[in-house]
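Since the structure comes first, as structure tokens, the remarks are kept for the end.
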Amino acid sequence: MSRTQKLLEHWEAGTIVVVVAIICALVAVPRPVLPDEIPFPRVEQRALLQISQKDADRASALAKERPGYDVRALGEAVRLYGAADADSDGDRGSSQYNQLARAVAPALEQGAEPVLALRAYQMTVFLRELDRFAATGVETTELRELGGGIVALLRRSHWIRPEGKGYRLLPDRFVLEALFRKRWNEITGLKSPPFALSLQEQRALYAFLLANPLVVGNVAPGLPWRCRAANEYLLRKVGELAAIDPEYPADIARGILLMRTGRPKEAVEVLSSYVERHPDGPLTMRARNSLREAQERLLLMVDR
């Protein structure tokens, strides 16, 4: 090999080293980029499947064995209140709610498990009737009794899409189950264990709410991030999720949402806090990039 060839060989090797170093530097240095999406909570599908199956077993057992009178009375009270709620009848709803509240304690005297079985059975009927609504567009009496204003909520929230004679529902089965249990717990006042939603159920529910924010009014459902009201709603939901899920990177989500709503100063504060607490981690570079973007936007505001 000639001397010139050796020099060229060393030059090529040196060039590769320099290029690799530059690429590494570009990857390591934060860039002013605002992510399109906020982070979502980590949902374990297997845990949700286990919860769903346990309730399916409860519902099946209750269908084979008639529950006690007090448990049946609670179930009837839930239905009567749901019908009034679906009709938006305030006076009747207030009366039925009081009746429902009185029915809870006697039912619980039979034990928590029979009441959990009642909730599971009513959820099974609710899901069946909701499937019927999705297929036909018909809101049955049982759906109104067990879901209350669920159809109105789905329409108001843009969580359904016209499809054939009926609708396509945006919430999946696990989210619908969580929505039912949450409402059932709220109207009966049974919010503590063993009735309380598990962390995984709440994560699934909040993941859906973060992906499909409740937007009131005539706003294009496909572009919720353009709507300030939707982003304010998301900020509230992020706060609620952070209160129950310590693993959720709430400050990154807040920073992105604050940027969307034109508050770069607040975004810098929360994103800086996250970076200081997490100097290394799977989301650190994402946070640094968002922080750089927030800092640049804040400087532009100061220069004006």
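Per-residue packing, averaged as other Cβ atoms within 10 Å, sorts the ranges 136-146, 254-264, 37-47, 204-214 into the order 254-264, 204-214, 136-146, 37-47, beginning with the highest. Based on Cα contacts under 8 Å between residues 6+ apart, region 41-144 shows a relative contact order of 35 percent.
Could you give P(r) for region 43-94, binned at 5 Å from zero, as whole percent values over all Cα-Cα pairs? Here the calculated profile for region 43-94 is 5, 17, 13, 14, 15, 15, 15, 6, 1. The spread of Cα positions in region 134-247, taken along each principal axis and listed from longest to shortest, comes to 42, 37, 19 Å.
Expressed in units of 2.2 N^0.38 Å, where N is the residue count, the Cα radius of gyration of region 81-122 is 1.34. Cross-link check: pairs Lys54/Lys237; Lys64/Lys182; Lys165/Lys191 evaluated at a Cα-Cα cut-off of 32 Å; pairs beyond the cut-off: Lys165/Lys191. Here r is the Cβ-Cβ distance between Val138 and Arg66 and R0 is 25 Å; the resulting FRET efficiency, rounded to 0.05, is 0.30. Note that region 40-212 carries a Kirkwood radius of 16.6 Å, evaluated over its alpha carbons pair by pair.
Only the coordinates and a few stated rules stand behind these numbers; no lab work does. As the structure is a computational prediction, the values presented were derived from the model and not from experiment. Heads up, the Cβs are rebuilt from the backbone with ideal geometry, glycines too, and the neighbour counts pull from every protein chain shown.
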